[in-house]
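Structure provided below as structure tokens; questions to follow.
The values are calculated or read from the model by the stated rules, or taken from the named source; none is laboratory data. As the structure is a prediction and not an experimental result, all values here were calculated from the model. When we count neighbours, we look across all protein chains shown, and the Cβ atoms used for this are built from the backbone with ideal geometry, even at glycine.
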Amino acid sequence: MKKVNPFKKFLDPKTQIVKHGKWFSIPPLAIIALGILIIAIFNFNLGLDFTGGQIIKVDGISSTNYAEVRTVVRQVLTDELGRGPANRAFFQREDSVSAGIALTVRYQEPRGTTDEVHEKNSRIEQGIKNALGELGIMASVVPSNRISASASAERMMNVFIAVFAALIGILLYMLFRFKFTSGVAAIIGLFHDVLIMLACVAVFRIQINFVFVAAVITVVAYSLNNSIVLLDRVRDKEKDVSNTQTTAQKVDASIKETFWRTTITTVTTLVPVIVLTIFGVPLIREFALPIIFGLLAGTYSTICITSSLYVRFENAKQIKAKRKKKNA
């Protein structure tokens, strides 16, 4: 039986890709619109890094009862705060040779007046102590400390400034390495990837914290690398004076020449990330899921968005140059 290559038509030299750029923009625009709707209704699922909260620590845990202590703490948080805030609580294990294992728990601060919040936090501490005592587990509970919301807001602003500064730096690098049109097209492609990630985490209610910021930076690096490979191939074709193809034809040919390289890079990165998503702990899952969304968005933007925008910018630039020459 003859094997059929599903990419045969796409990779055919006669197939035009960038010509259909406006149609390629419809799926991402629909996803971003859905994300905006979800954000408008439910807002982002912000983590404690951005909202503030409480930190409580359980010290002197042995390796044999660590899982039991973690279960006890989660149950107390569920009883006092509800299932939602308890599920969003962040658990961190700290191993020490001399003092045993410590469990640090960060949870969303309960709503209410200062006295009500203080009373609820005291009940959580006492509830954990009582539950551990009933199970005969020898561990000490360190009183909770507060993460201020104002400090968290300042952190959020610093994160956005850092990401924006990184994008400006990338734009300057692209302008130095390539042309203005290719640099702008690549930056718009990166914004596309970040917006798709934000839309997806809003739709799937994934918690946004510093782990998510790390995922965004990782995806931006991968997507930028794919764009540079494609634009570098286009630049080589433009330097070839014997190449009489139009800009669209050169970009189409470059997409097909780099298609397998881009696809294989994405797939080999996706496989371990998907495994981490399936078998990893919640913290790893919060990092891996946005990366899956971002890698798919980055591959799509390189092939369908950045390339089409570059051709449009170049055509507009050539038309403007012709008009200026004609007027002169």
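Exactly one of these conditions fails for residue 303: (1) within 20 Å of residue 195 (Cβ to Cβ); (2) β-branched (Val, Ile, Thr); (3) without any contact (Cβ under 8 Å) to a residue 60 or more places away in the chain. Give me its number.
For residue 303, the failing item is (3).
Return yes when residue 245 is surrounded by 11 or more Cβ atoms within 10 Å (Cβ to Cβ), assigned to a loop (DSSP other than H, G, I, E, B) and on the phi < 0 side of the Ramachandran plot and no when it is not.
The answer is yes for residue 245.
Yes/no matrix, rows are residues, columns are (1) over 26 Å from residue 309 (Cα atoms); (2) surrounded by 14 or more Cβ atoms within 10 Å (Cβ to Cβ):
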| site | (1), (2) |
| --- | --- |
| 14 | no, no |
| 19 | no, no |
| 33 | no, no |
| 43 | yes, no |
| 58 | yes, yes |
| 63 | yes, no |
| 80 | yes, yes |
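Does any residue in the range 208-220 that is in the same structural domain as residue 295 (by TED's automatic domain parsing) and in a helix (DSSP H, G or I) come within less than 9 Å, Cβ to Cβ, of a residue that is modelled with pLDDT of 90 or more and among the acidic types (Asp, Glu) six or more places away or on a different chain, and which pairs are these?
216/193; 219/193; 220/193
Among the candidates 179, 120, single out the residue that is at pLDDT 80 or above, of a type outside the set (Val, Ile, Thr), surrounded by fewer than 19 Cβ atoms within 10 Å (Cβ to Cβ) and assigned by TED's automatic domain parsing to the domain that holds residue 307.
None of the others qualify; the one that does is 179.
Only residues in the range 269-296 that are without any contact (Cβ under 8 Å) to a residue 12 or more places away in the chain count as the first member; pair them with residues that are among the aliphatic types (A, V, I, L, M), Cβ under 8 angstrom, at least 6 apart or cross-chain, and list the lot.
From the range 269-296, the pairs are 280/288; 284/276; 285/276.
Scan the range 65-81 and give yes if some residue there is among the basic types (Lys, Arg), out of contact with any Phe, Trp or Tyr (no Cβ under 7 Å at 6 or more places or on another chain) and under 30 Å from residue 121 (Cα atoms), otherwise no.
Yes, that holds for at least one residue.
Another one. Does residue 28 satisfy the condition of being assigned to a loop (DSSP other than H, G, I, E, B), closer than 30 Å to residue 310 by Cα and not β-branched (Val, Ile, Thr)?
No; evaluated as a whole, the condition is false for this residue.
Each row is one residue, and each column tells you yes or no for (1) in the same structural domain as residue 158 (by TED's automatic domain parsing); (2) in contact with a Lys or Arg (Cβ under 9 Å, 6 or more places away or on another chain).
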residue: 25; (1), (2): yes, no
residue: 30; (1), (2): yes, no
residue: 64; (1), (2): no, no
residue: 76; (1), (2): no, yes
residue: 81; (1), (2): no, yes
residue: 91; (1), (2): no, yes
residue: 95; (1), (2): no, no
residue: 100; (1), (2): no, no
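A follow-up question, please. Can you tell me which residue within the range 264-294, out of those that are at pLDDT 90 or above and touching a Ser or Thr at 6+ places or on another chain (Cβ under 7 Å), is surrounded by the most Cβ atoms within 10 Å (Cβ to Cβ)?
The selected residue is 291.
Mind checking which residues of the range 30-86 are among the basic types (Lys, Arg) and under 19 Å from residue 130 (Cα atoms)?
Those that are among the basic types (Lys, Arg) and under 19 Å from residue 130 (Cα atoms): 57, 70, 74.
Among the strands (runs of 3 or more DSSP E) contained in the range 43-137, which hold 2 or more residues that are under 21 Å from residue 207 (Cβ atoms), free of Cβ contacts under 8 Å to residues at least 40 places away in the same chain and within 32 Å of the chain's Cα centre (by Cα)?
Counting at least 2 such residues, we get 90-96.
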